[in-house]
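Quick notes on the structure that follows.
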Amino acid sequence: MADARMMLPAQLHNRNYTLIYAPTQLQRLGMMPDFEHRWQHAHTQILAIAEQCHKLAVNGLTVYRSSANANGFEVHQNVNVANLESLMASAPMPEKVAFAPVLETVFERYFTDKAIDLLPANGEIVLILIDNEPIDRLAIAKQIVAASQKLDHNDELGIGWIQVGDDYITKGFLVTLDNNLREAGAKFDIVDHKTIQQIATSDLATFLIGVLTD
């Protein structure tokens with residue numbers, strides 16, 4: 001049987017892959033009864049996403065996991081599925097999360113590696129697992145717009161936001177971010193978003209290509 005990696009689009013190969021894992025304690029009035037179990041329901045799909053990205057990643061999967069501090073993320077290099085499952089099981093769940101600091105770190109590493117020819121030829125895809133509205137919406141948009149202005153091609157860096165659960169405020173943030181980047185001054189629209197359920201009912205490759213091209 002042919003290696004499944006060889007059947008994926010060439011754009012997905014020869015890249016770095018980064019996963020940002022950010023569960024929170026979000027509770028909101030009016031949510032469906034199953035909402036509190038959103039991360040348990042998404043567990044298998046998250047591991048499947050990580051496994052595929054790990055297979056594609058030139059330098060292994062890099063994972064940033066939220067810490068007890070709302071502004072803090074711990075970085076873990078060359079993570080496989082077993083490692084990720086352990087990281088997920090022990091992940092703190094702060095009430096809120098700020099993403100601008102970790103995005104700044106990711107972008108700084110990206111452009112530093114690019115400048116010294118350490119970056120794979122096709123660039124990088126960053127996937128962000130999110131269940132709650134960030135506390136720094138404007139700073140996130142500014143970070144992404146600034147990063148886009150340094151890019152040479154529209155498909156070298158893609159940011160995929162994956163919503164876990166169905167919080168409507170979080171969805172509103174993601175839709176606004178996805179639709180308004182160019183108006184905010186981005187050189188390229190490097191953002192796409194989907195719910196984890198949408199990815200589960202289609203396929204990961206389609207989502208990853210959408211991250212680069214939508």
Problem - Count - residues of the stretch 112-170 that are closer than 21 Å to Lys194 by Cα, touching a Phe, Trp or Tyr at 6+ places or on another chain (Cβ under 7 Å), assigned to a loop (DSSP other than H, G, I, E, B) and of a type outside the set (Asp, Glu) - result: 4
Practice task
Name every residue in the stretch 68-98 that is crowded, with 16+ Cβ neighbours inside 10 Å and assigned to a loop (DSSP other than H, G, I, E, B), in order of residue number.
Solution key: Ala70, Asn71, Gly72, Ala91, Pro94, Val97, Ala98
Fill in the blank from the handout: Expected single match for in contact (Cβ under 8 Å) with a residue 24 or more places away in the chain, of a type outside the set (Phe, Trp, Tyr), surrounded by fewer than 23 Cβ atoms within 10 Å (Cβ to Cβ) and outside any loop (DSSP other than H, G, I, E, B) among Lys187, Lys194 is Lys194
Completion exercise
Condition set polar (S, T, N, Q) and either modelled with pLDDT of 95 or more or farther than 15 Å from Ser66 by Cβ (or both), scope the stretch 112-144, selection nearest to the chain's Cα centre (by Cα): answer is Gln143
Exercise for the section: Taking Leu47 as the residue in question, decide whether it is assigned to a helix (DSSP H, G or I) and either acidic (Asp, Glu) or in contact with a strand residue (DSSP E or B) (Cβ under 9 Å, 6 or more places away or on another chain) (or both). Expected result: no
Exercise for the section: Say whether the condition of being under 17 Å from Gln45 (Cβ atoms) and of a type in the set (A, V, I, L, M, F, W, C) is met by at least one residue in the stretch 96-108. Expected result: no
Problem - Matching residues in the stretch 109-134 - criterion: being surrounded by fewer than 16 Cβ atoms within 10 Å (Cβ to Cβ) and farther than 17 Å from Thr62 by Cα - result: Ala115, Ile116, Asp117, Ala121
Completion exercise
Residue hits (the stretch 160-172; hydrophobic (A, V, I, L, M, F, W, C) and surrounded by 21 or more Cβ atoms within 10 Å (Cβ to Cβ)) are Trp161, Ile162, Val164
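The values are calculated or read from the model by the stated rules, or taken from the named source; none is laboratory data. All values derive from a computational prediction rather than experimental measurement. Every residue, glycine among them, receives a Cβ derived from its backbone with ideal geometry; neighbour counts consider all protein chains shown.
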